[in-house]
Amino acid sequence: MEQREAAATGEPCMRVDAVAKATGRARYTDDYVMAGMCYAKYVRSPIAHGYATKIDCTEARALNGVLAVFTWEDVPAIPFATAGHAWTLEPEKRDVADRLLLTRHVRHHGDAVAIVVARDELTAEKAALLVKVEWEALPVITRPEDALAADAVAIHEGGNCLRSSEIMAGDPLNAIAQADHQVGGHFQTPVIQHCHMEGVTSFAWMEEDARITIVSSTQIPHIVRRVVAQALDIAWSRIRVIKPYVGGGFGNKQDVLEEPMAAFLTLKLGGIPVKVMLSREECFTATRTRHAFTIDGKLGISRDGILKAYMLDVLSNTGAYASHGHSIAAAGGNKIPYLYPRIAFGYRATTCYTNLPSAGAMRGYGAPQVVFALEAMLDDAAAELGIDPVEIRLLNAAREGDASPVNHKIIHSAGLPECLIKGREIFEWDTRRAACLGQQGNLRRGVGVACFSYTSNTWPVGVEISGARLLLNQDGTINVQSGATEIGQGADTVFSQMVAETVGVMVSSIRVISTQDTDVTPFDPGAFASRQSYVAAPALRQAALQLREKILQHAALMLHQSAMNLTLVRGDVVLTERPNAPLLSVADIAMDAFYHPERGGQLSSEASVKTTTNPPAFGCTFVDLTVDIELCKITINRILNMHDSGHILNPMLAEGQVHGGMGMGIGWSIFEEMIIDETTGVVRNPNLLDYKMPTMLDLPNLECAFVDTHEPQSAYGHKSLGEPPIIPVAAAIRNAVRMATGVAINTLPLTPKRLFSEFREAGLI
């Protein structure tokens, strides 16, 4: 395990959970089996919009092994919000509470009207099929433009417009009009699903009359606790949430999904353990998706390539329920002003209800959609002006000392120009671009580039708090507890490196307790918004400094030295002036602290910190591809992601994060799309056979490189990395296709079907 012998951030270090996951020892939610476990299955709507007028559960209740059947009449009439957002003391800023545990008014295909609990899963499934429901159908609305029509049927009380917002910095419309050139476009992005390996699963039981315990595959255990309590109208402290290992989430599990129902069922059934586990098909229709955006954009630019202003009008489709709702579209507008900051900026967004499956958080959180539009327009402008696409971005890219035109926050670290320059060299952009000029024939190559900016948490929209607790064990190892959740992204590993570096020990002596338990784990909202490492770092650092000081104080007692003369190096106490001459090990100090008859006591520390900074990360994607015009097929020859994420905490993990994001970006760009019948609202491909995700055979060699900057507002000089890799990929691919074929395709995904339509309209086939 020599790869664990790291002592600081920035060093390559094997994941602390690698062996557990590779050997199958890691325990996920479904690995926890309780005696007497019962299983629940939903009765779901076959229509996308309407009312259940009559329900007959007689046959289902009579089936041997069925414990209970609950309908919309049996659940609390308490609307609740499911979005995994920090709570706010200001009622007007809270998430929209528009969901019930079960509903008579169904708003999407697969909406739940009843639930069956049985002794085993198969019996529960059979019983659910025996429930007879009569339906009154209402008109189905799938397009946001139709939802906003004056005569549209209301999906929720209050109308189909969930929320609108506007950001104006300067006078963008006038600046566009006054510019030498104007470029615009109409852009559309699709509904897709997260397709995490582990499905949505939760179970709950009661050990005491007043308290419910929930085990769940969630990104947000502390938020789950709060939302479940709100949905059931009970004290928050009565809910305990345990999060074991999580097999992927990508934002879907940043929603409170089945935990309220699991808690309700155990509460109604006397505390017996009840599991609610969704099938893959249910994950497609009844969890969350990526918001489809319709974007009308326009920019103004000088003849020498200086961007003057741009304006984006966004229409976001949230589906049947609010979930994260308008925050997705709003976030898209808040994250991009840093990218090209020396401009007038305009962004208008409207989010509306339709009868599609509910959209929620998904990797990138609105940024992939808006960056697709912005970077496509900038590339079209470069083509019109005859300017190299890399050069036009270098002319306008954010630099240190610039400020966001929206909130006027100073950019303290800006490695985007270096990303473009370094990426151009690594990718051999000039040579590849020259080879793509003036092509004819069926097979045509193109190169493309696109940039992004993305902030590192949710402040000031959300309250960013994180807690950490450190305990020194008898053998000198250190237990680390944090509310920040490991969901596969490697958070526990970088937390180990942070603590090891600050205390002055080896990573191998750090044990991060990966399982969160809201009864004992320090508070943290969870894993989302590329916040984990940035927001958890101050609390971990503060707690580590406290523990380091206590260790040195105790060492001073043992050595009859002044603590100010001592320091910790790689797990040993040394004199500051003699760092190569160990005096005591941390293990020696721990044993003395625990067992010396007079001095000491367990050495521990705890900290909770609110973070009020939110620096942007930057980067870009370069792509070389070949388009087979006759087959309407795109083949990626080479793709490179460049990132300025500040100080890279762990190069091995960082590379893995980027590769994962690039793969998802390629899927969103040219493969993935939920096919939804516009008339009925039925999802036609709710499985991994018909829903085309890219496999290893579909992906090229994924390359990445980093520009190692230092963010001075960060505890360890780092910035966001988890979500950024997906953001610029689609725009870079689209731009390369335009260069290869001359056809600007502004609708994703670039499937053969769409390429055929666009190529035929352009006269290429």
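Any read-out appearing in this document is the output of simple, stated calculations on the displayed coordinates, not a laboratory observation. This is a predicted model, so every value here is computed, not measured. Cβ: placed from backbone, ideal geometry, glycine included. Neighbour counts: every protein chain shown.
Observations, loosely collected:
- Centroid-to-centroid separation of segment 131-168 and segment 519-537 [C-alpha atoms, Å]: 35 Å
- When Ser279, Ser466 are arranged by Cβ crowding within 10 Å, least crowded first, meaning fewest neighbours, the order is Ser279, Ser466.
- What the Cβ-Cβ distance of Lys54 and Glu384 gives, at R0 = 41 Å and to the nearest 0.05, is a FRET efficiency of 0.10.
- Cα point-scatterer Debye curve for segment 643-765, base-10 log of I(q)/I(0) at q = 0.15, 0.17, 0.22 Å⁻¹: -0.83, -0.96, -1.22
- Left without a cysteine partner by the 4.7 Å Cβ rule in the chain: Cys13, Cys38, Cys57, Cys161, Cys195, Cys283, Cys352, Cys419, Cys436, Cys632, Cys704.
- Placing +1 on each Lys and Arg Cβ and -1 on each Asp and Glu Cβ, with no other charges, gives segment 57-153 a dipole about its Cα centre of roughly 260 debye.
- Magnitude of the charge dipole, the chain, Cβ model with Lys/Arg +1 and Asp/Glu -1, debye to 20: 160 debye
- Close amide-amide hydrogen proximity is noted between Ala68 and Val117, each under 5 Å apart and 5 or more residues distant or on a separate chain (H modeled in the peptide plane; Pro and chain starts excluded).
- Qualifying lysines (Cα of each under 18 Å from Cα of Lys692; at least 8 residues distant if same chain): Lys633, Lys753
- Taking the centroid of alpha carbons for each part, segment 185-246 and segment 7-70 are 11 Å apart.
- Packing here is the average count of other Cβ atoms within 10 Å per residue, and on that basis the peptides 366-375, 436-445, highest first, run 366-375, 436-445.
- Ranked Val494, Val133, criterion: other C-beta atoms within 10 Å, fewest first: Val133, Val494
- Farthest toward positive dipole pole in the chain [+1 Lys/Arg, -1 Asp/Glu at C-beta], among Val246, Ala373, Asn650: Val246
- The order of Tyr534, Tyr51, Tyr691, Tyr340, going from fewest to most other C-beta atoms within 10 Å of their C-beta, is Tyr51, Tyr691, Tyr340, Tyr534.
- For segment 201-211, 3J(HN,Hα) per residue [Karplus equation, 6.51 cos²θ - 1.76 cosθ + 1.60, θ = phi - 60°, Hz, x = Gly/Pro]: 8, 8, 9, 9, 7, 10, 9, 10, 4, 9, 10
- Computed label-point distance, nm, for sites Thr635 and Val743 using a 7 Å Cα→Cβ extension: 1.8 nm
- The magnitude of the dipole of segment 649-724, with charges of +1 and -1 set on the Cβ of Lys/Arg and Asp/Glu and taken from the Cα centre, is near 120 debye.
- Contact order relative to length of the chain, as percent, for alpha carbon pairs under 8 angstrom and 6 or more apart: 16 percent
- Efficiency of FRET from Cβ geometry, Arg511 and Leu583, R₀ 22 Å, rounded to 0.05: 0.35
- Which listed pairs, of Lys253/Lys298; Lys409/Lys719; Lys54/Lys275, have C-alpha distances above 23 Å, in listed order: Lys253/Lys298; Lys54/Lys275
- Reported to the nearest whole Å, the Cα centre-to-centre distance from segment 350-402 to segment 671-747 is 13.
- When the chain is described by a simple charge dipole with +1 on each Lys and Arg Cβ and -1 on each Asp and Glu Cβ, the residue from Thr515, Tyr338, Leu540 located farthest towards its positive end is Thr515.
- Estimated from the Cβ-Cβ distance and a Förster radius of 56 angstrom, the FRET efficiency linking Phe523 and Gln440 is about 0.35.
- When the charge dipole of the chain is built from unit charges on Cβ atoms (+1 for Lys and Arg, -1 for Asp and Glu) and taken about the Cα centre, the candidate among Leu420, Val737, Thr123 whose Cα reaches farthest toward its positive end is Thr123.
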